[in-house]
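The values are calculated or read from the model by the stated rules, or taken from the named source; none is laboratory data. Keep in mind that what you see is a predicted model, and the values were worked out from it rather than measured. Here the Cβ positions follow ideal geometry from the backbone for every residue, glycine too, while neighbour counts run over all protein chains shown. Each accessible area value is taken on the protein alone, full model and side chains, heavy atoms only, with ligands, DNA and RNA left out. Shrake-Rupley method; radii C 1.70, N 1.55, O 1.52, S 1.80 Å.
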Amino acid sequence: MMLKSPHFKDRTGYFPDLSLESSFFKLNSGLDRMREKLGKDVHAKAIELSGRAKALFLQAPDIASEKTREGNRLLDEIDQLINAVRRHRYESGLKDDEGEVTGD
C-alpha cells in the first residue's frame, strides 16, 4: 500500500478502480477476516490505525509530505502488529486452518 500512497491511484491503467477508498476497504476487510486470529484488542488497534492512516492520506498533497510519511508509519505499525501475532502463534504451536504450525 505504501508504494501507492497518498492517493492510491493506478498509473498503469490496468486497475482503474484503484482508489484510496478501495484500498482501505480491502485492508479493513482483510483485518476483519483475521479478527479471530488477531484477537479483539489487536484487531481494534489495527482498525483504529487504519482509520488514522486514511485520514492522513486524505490530507496529504503528495508523496513527500509529512502526512504521507506519518500515514505510511501507521501502515507499518499495522504490519508489525500482524507479525507479532503470527510470531506468537508460531512460537505457541497454534495450528492454522490447514492444521499446520505456520503462524498464519
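Looking across the stretch 59-104, the residues that are closer than 12 Å to Lys37 by Cβ and open to solvent by less than 40 Å² (accessible area, probe 1.4 Å) come down to Ile82, Val85, Arg89, Asp96, Gly103.
Condition check ((1) at pLDDT 95 or above; (2) more than 19 Å from the chain's Cα centre (by Cα)) across all residues:
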position: Ser65; (1), (2): no, yes
position: Thr68; (1), (2): no, no
position: Leu74; (1), (2): yes, no
position: Asp79; (1), (2): yes, no
position: Arg86; (1), (2): no, no
position: Tyr90; (1), (2): no, yes
position: Glu98; (1), (2): no, yes
position: Val101; (1), (2): no, yes
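For the stretch 43-58, does any single residue satisfy the condition of being in a helix (DSSP H, G or I), β-branched (Val, Ile, Thr), at pLDDT 90 or above and open to solvent by 40 Å² or more (accessible area, probe 1.4 Å)? Looking through the stretch 43-58, at least one residue is in a helix (DSSP H, G or I), β-branched (Val, Ile, Thr), at pLDDT 90 or above and open to solvent by 40 Å² or more (accessible area, probe 1.4 Å). List pairs: first in the stretch 30-41 and under 17 Å from Asp79 (Cβ atoms), second open to solvent by 70 Å² or more (accessible area, probe 1.4 Å) and outside any helix (DSSP H, G or I), Cβ under 8 Å, 6+ apart or cross-chain? From the stretch 30-41, the pairs are Lys37/Asp104. With respect to (1) outside any loop (DSSP other than H, G, I, E, B); (2) more than 25 Å from Tyr90 (Cα to Cα); (3) polar (S, T, N, Q), the lone exception for Asn28 is condition (2).
For the stretch 8-22, indicate whether the set of residues that are in a helix (DSSP H, G or I), out of contact with any Asp or Glu (no Cβ under 8 Å at 6 or more places or on another chain), open to solvent by 40 Å² or more (accessible area, probe 1.4 Å) and more than 26 Å from Gly99 (Cβ to Cβ) is non-empty. Within the stretch 8-22, one or more residues are in a helix (DSSP H, G or I), out of contact with any Asp or Glu (no Cβ under 8 Å at 6 or more places or on another chain), open to solvent by 40 Å² or more (accessible area, probe 1.4 Å) and more than 26 Å from Gly99 (Cβ to Cβ).
In the stretch 26-61, what residues are of a type in the set (Gly, Ala, Ser) and more than 13 Å from the chain's Cα centre (by Cα)?
Answer for the stretch 26-61, where residues must be of a type in the set (Gly, Ala, Ser) and more than 13 Å from the chain's Cα centre (by Cα): Gly39, Ala55, Ala60.
Within the stretch 59-104, the set of residues being closer than 25 Å to Ser22 by Cβ, among the polar types (S, T, N, Q) and outside any helix (DSSP H, G or I) comprises Ser65 only.
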